[in-house]
Amino acid sequence: MNKVILGLGNPGAQYAKTRHNIGFRVLDCMADQLHLEWRPSQFKGYTAEGQIGEQRFMLLKPTTFMNLSGQSAQAILQWYKLPIQALLVVADDFALPLGKIRIRQKGSSGGHHGLDSIIQYIGTIDFLRLRIGIGDPNQNTTSFVLSKFSETEEAIIANSIVSASEAILAWLQDRDLNWIMNHYHCLST
């Protein structure tokens with residue numbers, strides 16, 4: 001295994017289309033595009049394994065709920081003895097405008113409990129993350145992130161999910177990270 005893409009979200013049908021589950025939705029889009037099959041795994045989640053050229057990778061959707069996502073990240077990195085640079089985390093971000101994509105090589109959690117958990121379990125903020133804007137809460141943050149997108153918002157998010165999938169595929173193909181950041185930051189709404 002060369003690389004791991006971990007999507008943040010909460011398990012269960014009631015959370016499937018919520019703002020907080022954008023990470024799961026991006027990974028589902030990739031799995032569909034690449035015809036990968038999801039399977040339960042020892043990494044406290046569902047995994048789908050693929051290969052592009054020489055690059056073997058795994059998609060991982062934790063089933064630990066958001067606040068314990070770091071358990072899955074730690075387990076898979078330790079099992080495959082992968083460096084932190086092999087991990088890319090896909091997360092929602094209400095500090096970004098709806099549908100905006102941002103890729104960063106490191107940083108704080110920004111108050112995101114899934115990112116907090118990963119930082120706690122792997123012991124560093126130095127991991128790649130792709131964040132997608134889910135809109136401005138203007139209300140209770142917990143209620144907001146667990147709400148669903150309106151029909152108008154969903155159209156924007158659907159495009160962002162496809163763009164995020166393409167950005168991850170570029171990363172898997174070892175495209176220059178600065179090119180990926182510049183290209184996909186410009187493409188997002």
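Could you compute the net charge surrounding Ala31? Neighbours are other residues with a C-beta less than 12 Å from the C-beta of Ala31; K and R count +1, D and E count -1.
-1
Residue-wise, which Karplus ³J(HN,Hα) couplings in Hz belong to the range 112-123, taking 6.51 cos²θ - 1.76 cosθ + 1.60, θ = phi - 60°, and x for glycine or proline?
7, 5, x, 5, 4, 5, 5, 4, 5, 6, 9, x
Say each of Lys81 and Glu151 gets a label point 7 Å from the Cα, pointing the same way as Cα to Cβ; how far apart are those two points in nm?
About 5.5 nm, to one decimal.
Residue farthest toward the positive end of the dipole of the range 3-187, with Cβ of Lys/Arg at +1 and Asp/Glu at -1: which of Ser165, Ala75, Thr142?
Most positive-ward Cα: Ala75.
Straight-line reach from Lys106: which aspartates and glutamates have Cα under 13 Å away, leaving out those fewer than 8 places along the same chain?
Candidates past the 8-residue exclusion: Asp116, Asp126.
What GluC sites (Glu not before Pro) does the range 2-64 have in DSSP loop regions with at most 14 other beta carbons within 10 Å? Kindly include the intermediate steps, with their values, before the conclusion.
Numbers: sites: Glu37, Glu49, Glu54; in loops: Glu37, Glu54.
Qualifying residues, ordered by number: Glu37, Glu54.
Give the average over all directions of the projected area of the C-alpha convex hull of the chain, one decimal, in nm².
9.6 nm²
Step through the table entries Lys3/Lys148; Lys44/Lys148; Lys3/Lys44; Lys17/Lys61; Lys44/Lys81, compare each Cα-Cα distance with 21 Å, and write down the pairs that go over it.
Lys3/Lys148; Lys44/Lys148
Hey, with R₀ at 35 Å, roughly what FRET efficiency would Gln42 and Gln139 work out to, going by the Cβ-Cβ distance, to 0.05?
0.35
Since every read-out is calculated from the coordinates, none of them should be taken as a lab result. All values reported here derive from a predicted model rather than from experimental measurement. FYI the Cβ positions are ideal-geometry reconstructions off the backbone, even for glycines, and counts take in every protein chain you see.
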